[in-house]
Amino acid sequence: MVRLQKFLAESGIASRRASEQIILDGRVSVNGKVICELGGKVELGHDRVTVDGRVVAPKRKLYIALNKPRGFLCTRKAESNRNVIGELLPKEWNELFSVGRLDCQTEGLIFLTNDGEFCLKLTHPRYGICKSYLAEIEGRVEPEMLTRFIKGIESGGEILKATGARLRSANNTSSVVEIRLNEGKNREVRRLFESVGLVVARLRRIQIGPIKLGELPSGKWRALTPPEIKSLISEL
């Protein structure tokens, strides 16, 4: 059972607040009965809901995993001939929005959905869902640098802090680090390395919660499975 105004909003009729006004205006009927008060609930797949006499069909919720290529913006609409992730998805999915963002030069795993509550839960700092990145660094990364990242550093009035960091390889010219974050502040991984005088040459997000990027090719997408969606929610 879901609240009537939530059902209308998720079906694309109007925002939740506007849907409340539609109900108060007496424009909504449930199983032939006009509803003029808030607080009513409907059973999906059972109750027949109409607005101004037209049947309202629940919108199918979509949950997509995309391997964002470098140089793409996390938006559906083109801006000044820039590449955007909307170009990588079917045109009929124009209602999807990204769950959080990756900066233009960062690659890797990002989710897209039309489920606002799913998006809110995965991006709200209170839930702190873990995200893992693979950073290719110009120069040698020393283990004590990663210890500093885990303890936290101050940058631009913010405390940047990794929940975990592991050195995969290092030599005098380049290093590879796997780093985990819970909050994901703006350019956080890049700023962490900048704080010790190092530059990130390539950055990929390889995992969000329990979902790994795996072998998904760059620029390609796949639908999350019901068990994967459930596992993400259970993390919160």
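Is the range 154-162 home to any residue that is aliphatic (A, V, I, L, M) and surrounded by fewer than 17 Cβ atoms within 10 Å (Cβ to Cβ)?
So in the range 154-162, the residues aliphatic (A, V, I, L, M) come out as 159-160, 162.
Within this subset, residues satisfying the condition of being surrounded by fewer than 17 Cβ atoms within 10 Å (Cβ to Cβ) are 159.
There is at least one residue in the range 154-162 that is aliphatic (A, V, I, L, M) and surrounded by fewer than 17 Cβ atoms within 10 Å (Cβ to Cβ).
Among the residues of the range 16-42, those identified as loosely packed, with under 12 Cβ neighbours inside 10 Å, among the small types (Gly, Ala, Ser) and out of contact with any strand residue (DSSP E or B) (no Cβ under 7 Å at 6 or more places or on another chain) are 32, 39.
When 116, 128, 86 are checked against the criterion of being in contact with a Phe, Trp or Tyr (Cβ under 9 Å, 6 or more places away or on another chain), surrounded by fewer than 17 Cβ atoms within 10 Å (Cβ to Cβ) and more than 16 Å from residue 200 (Cα to Cα), a single residue qualifies: 116.
Screening the candidates 95, 142 for the property of being surrounded by fewer than 19 Cβ atoms within 10 Å (Cβ to Cβ), assigned by TED's automatic domain parsing to the domain that holds residue 199 and not aromatic (Phe, Trp, Tyr) yields one hit, 142.
The residue pairs whose first member lies in the range 1-13 and is in the same structural domain as residue 35 (by TED's automatic domain parsing) and within 15 Å of residue 43 (Cβ to Cβ), whose second member is of a type in the set (Ser, Thr, Tyr) and surrounded by fewer than 17 Cβ atoms within 10 Å (Cβ to Cβ), and whose beta carbons are closer than 6 Å, counting only pairs six or more residues apart or on different chains, do not exist in this structure. Scan the range 29-58 for residues that are out of contact with any Phe, Trp or Tyr (no Cβ under 9 Å at 6 or more places or on another chain) and either in a strand (DSSP E or B) or not charged (D, E, K, R) (or both) and the total you get is 19.
Against the condition under 27 Å from residue 159 (Cβ atoms) and either surrounded by 15 or more Cβ atoms within 10 Å (Cβ to Cβ) or of a type in the set (A, V, I, L, M, F, W, C) (or both), how does residue 223 come out, does it pass? No. Pick from the range 64-83 the residues that are touching a Phe, Trp or Tyr at 6+ places or on another chain (Cβ under 7 Å) and in contact (Cβ under 8 Å) with a residue 60 or more places away in the chain: which of them is surrounded by the fewest Cβ atoms within 10 Å (Cβ to Cβ)? Per the stated criteria, the residue is 64. Pairs are defined by a Cβ separation below 9 Å, a sequence spacing of at least 6 or placement on different chains, a first member in the range 30-41 that is without any contact (Cβ under 8 Å) to a residue 40 or more places away in the chain, and a second member that is among the acidic types (Asp, Glu); the pairs so defined are 30/47; 31/47; 36/25; 38/20.
The values are calculated or read from the model by the stated rules, or taken from the named source; none is laboratory data. It should be emphasised that the depicted structure is a prediction, and the values quoted were computed from it without experimental measurement. Don't worry about glycine lacking a Cβ; one is built from the backbone with ideal geometry, like all the others, and counts go over all protein chains shown.
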